[in-house]
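Each remark here refers to the structure printed beneath this line.
The values are calculated or read from the model by the stated rules, or taken from the named source; none is laboratory data. Here the structure is a predicted model, which is why all the values come from computation and not from measurement. Note that each Cβ is placed from the backbone with ideal geometry, even for glycine, and that neighbours are counted across all protein chains shown.
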Amino acid sequence: MCSPFYIIYAIDVLHVDEFQYAIMMTLQSIVFFASNVPIGKLVDRVGRKWPLMASSIFTLLGTMLFINGDLPRLYIAQVLFAIGYSSFSMAYMALQMDIVPREHRGKVQAFTNFTDLVLASTGAIVGGIIYESISVQMPFLLSLVPMLPTAILTLHFVHEPERREE
């Protein structure tokens, strides 16, 4: 719901210089790629549940810093977003590999990607309507709503499989 509006919000509302925003996005990319291997190792060591929960918390904190951020907070937010996305990506993919039999992984991944893209497109349209019609902050605030429940639901309902698929 918010992805298309981060840059617009940062530049128009928070008055971030375009070049500064480009530097922030570069930092986010560097942190994301640099954190993939350590987070991947962490996922293998501690399991999938804790990094999945952490991803929701990192994203929640990053969004809270971003909404009313000054330059230092925006940089911190970008680091939190990168670590949150890396944690989610590594843990989700590993969990999916753990529970989906090899012969169905392609179909499950295709369906997952299709569903993600449909939901992201729908979210972007809804977010744009809310951004333009109600409040520029509202899409960001609404994105916070599912994050804590997601972490709590993950804690209670996501379990490491006793037997991992080969």
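What the table shows:
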{"quantity": "Given (1) part of a helix (DSSP H, G or I); (2) surrounded by 13 or more Cβ atoms within 10 Å (Cβ to Cβ), index of the condition Val16 fails", "calculated": "(1)"}
{"quantity": "Pairs with Cβ under 9 Å, 6+ apart, first in the stretch 31-58 and at negative phi, second at pLDDT below 95 and outside any helix (DSSP H, G or I)", "calculated": "Arg48/Val158; Arg48/Glu160; Lys49/Val158; Lys49/His159; Lys49/Glu160; Leu52/Val158; Met53/Val158; Ser56/Pro146"}
{"quantity": "Hits in the stretch 37-58 (condition: part of a helix (DSSP H, G or I) and either surrounded by fewer than 15 Cβ atoms within 10 Å (Cβ to Cβ) or over 14 Å from the mean Cα position of the chain (by Cα) (or both))", "calculated": "Val37, Pro38, Ile39, Gly40, Lys41, Leu42, Val43, Asp44, Arg45, Val46, Lys49, Trp50"}
{"quantity": "Near pairs, Cβ below 7 angstrom, 6+ apart or cross-chain, from the stretch 140-166 (within 11 Å of Ile99 (Cα to Cα)) to any residue that is surrounded by fewer than 10 Cβ atoms within 10 Å (Cβ to Cβ) and of a type in the set (D, E, K, R)", "calculated": "Glu165/Arg102; Glu166/Arg102"}
{"quantity": "Only one of Leu141, Leu80, Leu65, Leu61 that is part of a helix (DSSP H, G or I), under 25 Å from Gln20 (Cα atoms) and in contact with a Lys or Arg (Cβ under 7 Å, 6 or more places away or on another chain)", "calculated": "Leu65"}
{"quantity": "In the stretch 114-138, the residues that are outside any loop (DSSP other than H, G, I, E, B) and polar (S, T, N, Q)", "calculated": "Thr115, Ser121, Thr122, Ser133"}
{"quantity": "Every residue from the stretch 1-31 that is farther than 17 Å from Asn68 by Cβ and either hydrophobic (A, V, I, L, M, F, W, C) or at pLDDT 95 or above (or both)", "calculated": "Met1, Phe19, Ala22, Ile23, Met25, Thr26, Leu27, Gln28, Ser29, Ile30, Val31"}
